[in-house]
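Below: one structure, written as structure tokens.
Just so you know, all these numbers are worked out from the coordinates, no wet-lab data involved. Note that the coordinates shown come from a computational prediction; the quantities given were computed from them, not determined experimentally. Cβ: placed from backbone, ideal geometry, glycine included. Neighbour counts: every protein chain shown.
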Amino acid sequence: MVDLRTCLDGWPYDAARNVRTDRGGNGREIILVRQPMGLEQYEVDGRPDGRQVHGMESVLDFHHARISAAKLTHTALKLELTPEECAEMFDEAGVFYQRLIVLVRLKDWPRAERDAAQILRLLDCVRQHAQCAKDRVHLEPWRSHLTRIHASARAINLRDNRLVHEAIQCLRDTLGVQEVFEQIASDQGAIEAMLFESIRSSLAAIPALNGREDNCFLRQGEYWEIRYQGHTTFLKSMRGLHCLTFLLRYPQREFHVSELLINLLEVPAAAPALKANGPRHENGQLATTFRAIEGLPVLDLQAKAEYKRRLHELRHDLAEAEQFNDSTRATEAQDEMNMIAQHLAAAIGLGGRDRKTSSAAERARCAVTKRIKKAIQKIGETIPALGHHLSAGIKTGYFCSYKPDPDHAVNWKF
């Protein structure tokens, strides 16, 4: 076994000079990056880690081959990338991006242009073929920065080949610096300095592939701080955000709209008509029961279908709980079934005819749905990936829930 200390004695760590090219054991060119405690090695061609994936040079090549084969059999429209396949693509994008950073430091512009183009092709493939909407937008925040890097590297390569006019054309619609470029076209050093600075600023602006920050909904006075996959936004407090946060706290659970309305009592702007007249638990908090609207709604077909579906789920849960002797789960299922039965009895008369009563429940359903959808829309305007995630995972109606894709579960901090 080789002692790395012996290998690195002649190359002390210096953050300003820690990248160089070398030759591998078989004479091939490689890139070495000196780290404080060792070395990173990148292949200069193919995948940076030197691996072959599914018998091909890259995951992207493999899926491109699948797509081409599907087109020959007229099944291209049915071909979709699963969440697992997209995760593999995202990992590959990260590997190529790390080498792109190193190539920029080496000012190896042909290979930098190549790797930026490879990542952009990967983004195109995912956007076009991903099964889940969240995957289709996951890396889109990279696109504008990578496009600038690719255009800048390509312009440098064209200039190096004395194709100045083509370089200007390349930059025309990308960097918005055509006039400046034309003015300094004769100054080779100034051109490279300008484009190199453009590349450096784009690399610095690219968000992390997997945000290391917590995904969170944090109330701060009159505003909410929302973080997701490295992106942060601040939204003015609104009732829909309170409803949304309540659902995010309890994934996979369903809540009647009455429970969400009662939860809004904690919000200063909550409707006074729902103030503390309901039953209380021993800790003094309002109980979340159907009593706030019991006996009031006229059930339409949609509501009846939702109740029927929920009862079917509860019967299955009850049977399973009894099979495994889970008394707590069995009691919870039975209690909810009893509450639904009470609500149905109050809303439906003899012969299954609807009682002619108030439309309070329908108003509650409309109000809660409108508030939640407005909150998701506001979030999506600033963090599109989170907007897609919530649109897919939040279910509204007489029963509301947050049911994220199990393959894309999110750990929230509140």
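Data overview
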item: Peptides ranked, highest mean first, by Cβ atoms within 10 Å: ranges 310-317, 65-72; result: 310-317, 65-72
item: Karplus (6.51, -1.76, 1.60) ³J(HN,Hα), θ = phi - 60°, over segment 34-46, in Hz, Gly and Pro reported as x; result: 7, 10, x, 10, x, 10, 10, 10, 10, 6, 7, 10, x
item: Sequence ranges 331-341, 384-394, 238-248, ranked by mean other-Cβ count within 10 angstrom, highest first; result: 238-248, 384-394, 331-341
item: FRET efficiency, LEU311 to MET56 (Cβ-Cβ, R0 60 Å, nearest 0.05); result: 0.75
item: Relative packing of 101-107, 17-23, which averages over residues the other C-beta atoms within 10 Å, highest first; result: 101-107, 17-23
